[in-house]
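Engineer: If you scroll down you'll find the structure; I have some questions about it.
Each value in this text was obtained by applying a stated rule to the coordinates, not by laboratory testing. Note that the structure is a prediction, hence the values are computed from the model and not measured. Note: ideal-geometry Cβ built from the backbone for every residue, glycine included; neighbour counts use all protein chains shown.
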């Protein structure tokens with residue numbers, strides 16, 4: 001396949017039909033739509049605060065990819081584990097971390113989920129089994145295998161979801177983790193959120209294969225590959241892998257194709273993409289797709305408007321909380337650095 005053909009193929013998204021859901025799935029879709037909306041508004045507020053100089057350091061937004069995180073995490077239990085990347089805001093929100101504490105962490109405040117020390121890339125909450133956002137590309141995949149090993153050793157039937165981008169699939173730790181996870185049949189679901197760009201590098205220039213999930217074959221591991229714009233479909237497909245892991249049948253490598261509407265981070269103008277390409281993908285905005293599906297399923301638009309107002313208020317409260325919270329004191333500099 002020529003370079004021009006690959007570029008064309010990558011830049012033309014396939015269309016997915018929007019459908020109503022069965023009556024017994026409406027409440028779940030409403031829940032997931034609210035979570036997607038909460039992520040979107042959280043990220044938009046984060047972008048405004050960053051532009052105003054209230055947030056420092058790196059800040060990677062999840063706008064456009066919401067259906068992947070929301071659908072996937074709705075397939076697990078509260079007692080299950082999630083390991084994330086530096087693009088961790090959305091995953092943390094769906095894992096039910098406190099939105100106020102998350103916003104405060106972005107602002108570098110003491111009331112932040114990591115005490116204001118971690119910032120955007122290092123959300124963490126042991127009580128919620130959210131085992132961190134991680135800034136080292138691919139390194140956390142091995143950590144997920146370790147958590148899965150602990151789950152199997154304890155025989156507690158817990159499952160770990162590990163999110164990473166397609167760029168991490170080229171990292172050594174990724175291959176080591178998959179090999180051991182398959183060898184020991186660990187209860188881990190490895191989820192490649194393929195947003196088509198490793199920072200500013202298009203997928204065809206960085207990957208020797210067009211299908212990341214095919215790498216599961218080398219490790220005798222179950223695999224799946226699908227588009228992640230429909231949150232209901234994401235939940236259904238990930239659920240199969242989660243159930244397989246929980247029954248002791250081993251790990252799965254999932255590749256879920258998605259697209260970020262913003263740059264790699266807040267400092268990235270994303271000039272490596274055309275405006276037409278971005279607009280084409282926005283036509284398949286997972287948030288709009290979920291809303292349309294709810295309307296087609298008979299949900300009153302007034303109910304959705306009320307939900308949107310509630311989310312807006314929740315985000316405003318979170319920003320206000322973050323702005324009014326105290327910065328860490330000098331003594332906090334050494335807390336949680338050395339063991340007591």
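Engineer: Using R₀ = 30 Å, calculate the FRET efficiency as 1/(1 + (r/R₀)^6) where r is the Cβ-Cβ separation of residue 19 and residue 323; round to 0.05.
Structural biologist: 0.10
Engineer: Quick one: 88, 156, fewest Cβ neighbours within 10 Å first, how do they rank?
Structural biologist: Final ranking by Cβ density, sparse to dense: 156, 88.
Engineer: Can I ask one more? Please work out the FRET efficiency for the pair residue 155 and residue 96, using the Cβ-Cβ distance as r and a Förster radius of 22 Å; give the result to the nearest 0.05.
Structural biologist: The calculated FRET efficiency here is 0.30.
Engineer: Distance from the Cα centre of segment 278-340 to that of segment 89-160, in angstrom?
Structural biologist: 17
Engineer: Give the shape of segment 156-263 as rounded, prolate or oblate, defined through the alpha-carbon gyration tensor: a ≥ b ≥ c are the square roots of its eigenvalues, a/c under 1.5 means rounded, and otherwise the shape is prolate if a/b is larger than b/c and oblate if not.
Structural biologist: On the way: a/c = 2.18, a/b = 1.36, b/c = 1.60.
Oblate, since a/c reaches 1.5 and b/c is not below a/b.
Engineer: Another question about this same structure. Give me 294, 304 sorted ascending by neighbouring Cβ count inside 10 Å, so fewest comes first.
Structural biologist: Details: 294 22, 304 18.
Ranking 294, 304 by Cβ neighbours within 10 Å, fewest first, gives 304, 294.
Engineer: Please state the shape class of segment 24-318: rounded when a/c is under 1.5, otherwise prolate if a/b exceeds b/c and oblate if not, all from the C-alpha gyration tensor.
Structural biologist: Numbers: a/c = 1.32, a/b = 1.27, b/c = 1.03.
Rounded.
Engineer: Would you mind getting me the FRET efficiency between residue 217 and residue 48? Use the beta-carbon distance for r and R0 = 45 Å, nearest 0.05.
Structural biologist: With R0 = 45 Å, the Cβ-Cβ based efficiency is 0.50.
Engineer: A further question follows. For segment 182-340, what proportion of DSSP beta bridges, expressed in % and rounded to the nearest 5, is antiparallel?
Structural biologist: Just about 15 percent of them are antiparallel.
Engineer: Antiparallel DSSP bridges in the chain: what percent, to the nearest 5?
Structural biologist: Bridges in the chain are about 10 percent antiparallel.
Engineer: Per DSSP H run of at least 4 residues, take -39500 (n - 2.57); add these up for the chain, divide by its residues and hand me the 222 nm value, nearest 500 deg cm²/dmol.
Structural biologist: -13500 deg cm²/dmol
Engineer: Let me ask something additional. Please arrange 126, 282 by counting, for each residue, the other beta carbons lying within 10 Å of its beta carbon, fewest first.
Structural biologist: With the sparsest Cβ surroundings first, the list reads 126, 282.
Engineer: Let me ask something else about it. Once you keep just the Cα pairs under 8 angstrom separated by 6 or more residues, what percentage relative contact order results for the chain?
Structural biologist: Details: 623 pairs, mean separation 82.0, N = 340.
The normalised contact order for the chain reaches 24 percent.
Engineer: Then there's this: On a full-extension model of 0.36 nm per residue, what is the gain between residue 26 and residue 127, subtracting their alpha-carbon distance, rounded to one decimal in nm?
Structural biologist: Working: separation 101, 0.36 × 101 = 36.36 nm, distance 2.95 nm.
Stretched fully, the residue 26-residue 127 segment lengthens by 33.4 nm.
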